[in-house]
1. For q = 0.12 Å⁻¹, what log10 I(q)/I(0) does the stretch 217-316 give under the Debye formula with an equal point scatterer on each alpha carbon and no solvent?
2. Could you calculate the contour length gain from Glu256 to Arg36, that is, 0.36 nm times the residue separation minus the distance between their Cα atoms, to one decimal place in nm?
3. Would you mind computing, in nm to one decimal, how far apart the modelled labels at Thr222 and Gln80 are, each placed 7 Å from Cα along Cα→Cβ?
4. Filter the GluC sites (Glu not before Pro) in the stretch 146-199 to those in DSSP coil with at most 15 other Cβ atoms within 10 Å of their Cβ, and list the result.
5. Suppose each label sits 7 Å from its Cα in the direction of the beta carbon; what would the Thr102-Glu167 distance come out to in nanometres?
6. Where does the charge balance sit around Ser61 when Lys and Arg score +1, Asp and Glu -1, over other residues with C-beta under 11 Å from its C-beta?
7. What residues qualify as long-range amide H neighbours of Val75, i.e. H under 5 Å apart, gap of 5 or more or another chain, H built at 1.01 Å from N?
8. If you put +1 on each Lys and Arg Cβ and -1 on each Asp and Glu Cβ, how big is the dipole of the chain around its Cα centre, in Debye rounded to 20?
Amino acid sequence: MNAGEAELTSYTVDPWDPGYGVARGDELDGRESSARLELDLERKAADWRPVSPAGGALPGSVLFLDGVRRIDARVWVHGQGPEPLPGVVASLAAGLVCCDGTARIVDVRVDRGLYAAVGGDIETRHARYRFHRTSGGLDKLTLGVQGRLAALEVELASAWRQQSDVEDDLLVVDGPLRGRTHLARTVGYVKTHQKSYLGPEQAAVVADLAPGQRSPVFGMGTSWERKSWYLRLPGSSRAPWSAVVRLECSADLPDEDAVALADVTARVLPGLASSPHKDPRAPQNLVPIGGLERQLRHRLGDAALLYRSLRSAMSA
């Protein structure tokens, strides 16, 4: 590089830790998303501009729901057929954080299972893995594990709400809301952007968001329908779409209720953004989610120990 080029070139290091992949994928590669969009839901697409949230009552508590999974072993199940069938042995953990002035973990559940077309429970020295009938190759087995984790998260959130006396809480699910859209007062919280759903004009509005501002709410359909919006958290840099997250709610929610929910998230979530010196995925990995993830990974147990006990049990 010569001196002239150096004078014209500047650089921005993306604050997102590369060990976690990318916070924003290659969205400007010219490919159009196959998502069906309804951009005129809150305001006309031509009139899109950054939205500052309206005032109003805040939820009595904010709940954060997250889960982690780990494949403890891949196995072959020998049944009645001529060929052994593949199986996956996995450990899951789901947890719930309640923020109502203080943040505390109110429930954690650990679930261990064997996912295969045939088989039974596996009892080891250190854990019991319950059998979940799941047919197919590795992709289908992995989907079975993910489906069980989503069900575990729903069970946990529903149990808490049944015994809680707070009727105006907000439940934030870490990740897409798919499979959990039936939960009331619930949003999915998507930290990374692997696809560009918006056209250039609307994407430019997202890029112009100030911390605490959101995009207009829009409808989006892929293999499932939802309503969505983008929100910028504090702590942004010059990196493209830095500190921007996407939120989504059920497509069945009336438009005015979805807009009100979007405003609530824009008022509540920025204050919970993480700091780079504490979290390598700051600011998108909210403080309650980061703390919960650490606890859940600890609760999964020692992977090497569980693997050894599985091998011992299967060779007995």
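FYI, it's all coordinate maths here, none of it is from the lab. What you see is a predicted model; the values in this text were computed from it and never measured. Cβ atoms come from the backbone with ideal geometry, glycine included; neighbour counts cover every protein chain shown.
1. Result of the Debye calculation: -0.60.
2. Result for the pair: 77.2 nm of gain on full extension.
3. 4.0 nm
4. Counting only loop positions with at most 15 other Cβ atoms within 10 Å, the GluC sites (Glu not before Pro) in the stretch 146-199 are Glu167.
5. 2.7 nm
6. Net charge in that neighbourhood comes out at -2.
7. Hits under the 5 Å cutoff: Gly87, Val88, Val89.
8. Charge dipole, the chain, about its Cα centre: 1200 debye, nearest 20.
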